[in-house]
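The values are calculated or read from the model by the stated rules, or taken from the named source; none is laboratory data. Computed from a predicted structure; not experimentally measured. Neighbour counts run over all protein chains shown; Cβ positions are idealised from the backbone, glycine included. Please note that ligands, DNA and RNA were not included when accessible areas were found on the heavy atoms of the full protein model with its side chains. Shrake-Rupley method; radii C 1.70, N 1.55, O 1.52, S 1.80 Å.
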Amino acid sequence: QVQLVESGGGLVQPGGSLRLSCAASGRDFNSYTMAWYRQAPGKQRELVTTITSGGNTYYADAVKGRFTISRDNAENTVYLQMNMLKPDDTAVYYCHAQLPGADWWYWGQGAQVTVSS
């Protein structure tokens with residue numbers, strides 16, 4: 001069983017930066033592929049970025065070059081550094097954990113990010 005707790009959301013002006021954290025409890029954190037998803041009002045949840053246990057990353061085109069995912073296996077934490085934020089980045093951001101090949105996964109409770117002047 002893994003529990004995920006996000007933090008670091010808030011209100012930021014366009015062009016600003018925020019860093020989200022996702023603290024995981026449970027065993028074998030370093031074996032999980034970690035991801036960030038987001039869901040804007042009235043829209044479906046979408047994948048933002050992933051990082052494998054080996055550190056390989058994927059980014060959605062909408063955030064490529066602006067967002068950076070990283071993980072600290074010693075601290076059981078995954079981060080999302082968000083730079084050059086746009087109003088379209090406004091959403092609830094969810095942390096996600098899944099073992100490779102598994103058909104089950106875990107979600108965090110979500111962190112609100114609002115980009116507005």
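Listed values, structure above:
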item: Considering residues of segment 30-49 that are without any contact (Cβ under 8 Å) to a residue 60 or more places away in the chain and of a type in the set (A, V, I, L, M, F, W, C) only, the residue nearest to Leu18 (Cα to Cα); result: Val48
item: Count - residues of segment 73-88 that are within 29 Å of Gly26 (Cβ to Cβ) and not aromatic (Phe, Trp, Tyr); result: 9
item: Segment 106-117, residues that are surrounded by fewer than 21 Cβ atoms within 10 Å (Cβ to Cβ) and assigned to a loop (DSSP other than H, G, I, E, B); result: Gln109, Gly110, Ser116, Ser117
item: In segment 36-50, the residues that are part of a loop (DSSP other than H, G, I, E, B) and farther than 14 Å from Ala111 by Cβ; result: Pro41, Gly42, Lys43, Gln44
item: Residue list for segment 24-50, restricted to those being among the aliphatic types (A, V, I, L, M), open to solvent by 20 Å² or more (accessible area, probe 1.4 Å) and within 11 Å of the chain's Cα centre (by Cα); result: Leu47
item: Every pair of residues 6+ apart whose Cβ atoms lie under 6 Å, when the first sits in segment 50-62 and is farther than 19 Å from Tyr94 by Cβ while the second is open to solvent by 40 Å² or more (accessible area, probe 1.4 Å); result: Ser53/Asn30; Ser53/Ser31
item: Unique residue being of a type in the set (Ser, Thr, Tyr), in a loop (DSSP other than H, G, I, E, B) and surrounded by fewer than 18 Cβ atoms within 10 Å (Cβ to Cβ) when the list is Ser53, Ser70; result: Ser53
item: Tabulated pairs, segment 93-116, first over 19 Å from Gly26 (Cα atoms), second open to solvent by less than 10 Å² (accessible area, probe 1.4 Å) and not in a strand (DSSP E or B), C-beta under 7 angstrom, 6+ apart or interchain; result: Val113/Asp89; Val115/Leu85; Val115/Asp89
item: Number of positions in segment 84-105 that are part of a strand (DSSP E or B) and open to solvent by less than 40 Å² (accessible area, probe 1.4 Å); result: 7
